[in-house]
Amino acid sequence: MDDLREIVDAQAIGRLFALLALLVPLLAVAIGGALGKRKGDPKQGAVSGLTVGLLAPLNWILWRLYNAIVESTGIDTVRNVVINLVLFVVIGLGIGVGVGNWKRKSDAKT
C-alpha cells in the first residue's frame with residue numbers, strides 16, 4: 001500500500017502535447033483550406049485553420065511553463081496557485097479579446 005504512483009506520467013503527457021503541437025496546425029490548415037474552398041476562399045480558410053491550429057503549440061508552451069513554475073515554487077504552495085492563476089487568466093483574456101476582434105472583423109466583411 002505504500003507504493004504511491006502518479007496516475008498519469010507527466011513526461012508522457014509532455015510528449016503527447018509536443019506531438020500535437022506539430023500535427024494539429026498542419027491538420028487545421030488542411031481542414032480550414034477544405035472548408036474555405038467550399039465557401040470560395042481556400043486561402044482565408046487555411047489562414048483561419050492555422051490560427052486555430054496554433055492553439056496546440058500554445059498548449060505545449062503553457063504545459064512547459066506550468067511545469068517550470070511548479071518546479072521552482074512547489075506544487076502545493078499558494079504562490080504557485082497565484083502565479084498560475086494570474087498567468088492563465090491573462091492569457092485567456094488575451095485569447096478571448098483576440099478572437100472577439102477577429103470575429104468582429106470577419107462579420108464586418110460579410
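Please enumerate the residues belonging to the range 69-106 that are outside any helix (DSSP H, G or I) and polar (S, T, N, Q).
Thr77
Can you confirm whether Leu50 is assigned to a helix (DSSP H, G or I) and loosely packed, with under 14 Cβ neighbours inside 10 Å?
No.
Out of Gly45, Gly40, Gly14, report the one residue that is in contact with a Lys or Arg (Cβ under 8 Å, 6 or more places away or on another chain) and without any contact (Cβ under 8 Å) to a residue 24 or more places away in the chain.
Sole residue among the options that is in contact with a Lys or Arg (Cβ under 8 Å, 6 or more places away or on another chain) and without any contact (Cβ under 8 Å) to a residue 24 or more places away in the chain: Gly45.
Rule-based calculations on the coordinates, nothing more; no lab input. Every value quoted in this text rests on a predicted model; they were computed, and no experiment measured them. Ideal geometry is used to build each Cβ from the backbone, glycine not excepted, and the neighbour counts take in all protein chains shown.
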